[in-house]
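Colleague: Submitted below is the structure of interest, expressed as structure tokens.
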Amino acid sequence: MVYADRCPCVLMHNSLSCDYRQFQYRMDCLIGLIVGTLFWGLTVEVNKDIIRLSFGFGIIHRSIPRERIATVTQVRNRWWYRLGIKWTPHGWMWNISGLDAVELTYHNGKKFRIGTDEPEALLEALKAV
């Protein structure tokens, strides 16, 4: 008698396939957990000298000196730019949610976008400090 609750692939009658599929499922879950932990949130800290960006617990981070920035503007990203760290036609973008962003234009003409749910507040903080 075959019990399907022991192994999800028991109906294949091949224990090697079952072991491989269980291993693959566990590895996919582990990778998803690691990526989710690394990118669970984007923190933006603004002070008079530097802008600090960090994902998750801060393992992935970036610091931008304020003196490099020429202008800041509020922009709207295209939906296909998605989330995460991306290279776009407008330069690098760090985004965690939504389509709204603040675009930093450096003195050398390069641009960097910071995705945010509160673009007005971030823009105000960048202009105020």
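A short reminder: the numbers here are calculations on the coordinates, not readings from a lab. None of these values were measured; they are calculated from a predicted model. Cβ sites come from the backbone with ideal geometry, for glycine too, and all protein chains shown count toward neighbours.
Colleague: Among residues other than Phe39 whose Cβ falls under 13 Å from its Cβ, what is the net charge (Lys/Arg +1, Asp/Glu -1)?
Modeller: Values: positive: Arg82, Lys86; negative: none.
Counting the neighbours of Phe39, the net charge comes to +2.
Colleague: Distance between Cα centroids, the stretch 68-84 to the stretch 40-65: provide it in whole Å.
Modeller: Spelled out, the Cα-based centre of one part sits 16 Å from the other.
Colleague: Compute the angle between helix 15-38 and the longest alpha-carbon principal axis of the chain, please, reported from 0 to 90 degrees and rounded to the nearest 10.
Modeller: 20 degrees
Colleague: Right, here's the next one. Net charge around Ile60, counting only other residues with Cβ within less than 15 Å of its Cβ (Lys, Arg = +1; Asp, Glu = -1)?
Modeller: Net local charge, Ile60 excluded: +2.
Colleague: If one computes P(r) from the Cα atoms of the chain, what percent of pairs lie at distances over 22 Å?
Modeller: Values: 4052 of 8256 pairs.
Above the 22 Å cut-off, the chain has 49 percent of its Cα pairs.
Colleague: Beyond a 19 Å Cα-Cα separation, which of these cross-linked pairs lie in this structure: Lys48/Lys127; Lys48/Lys110; Lys48/Lys86?
Modeller: Numbers: Lys48/Lys127 10 Å; Lys48/Lys110 21 Å; Lys48/Lys86 27 Å.
Table pairs above 19 Å Cα-Cα are Lys48/Lys110; Lys48/Lys86.
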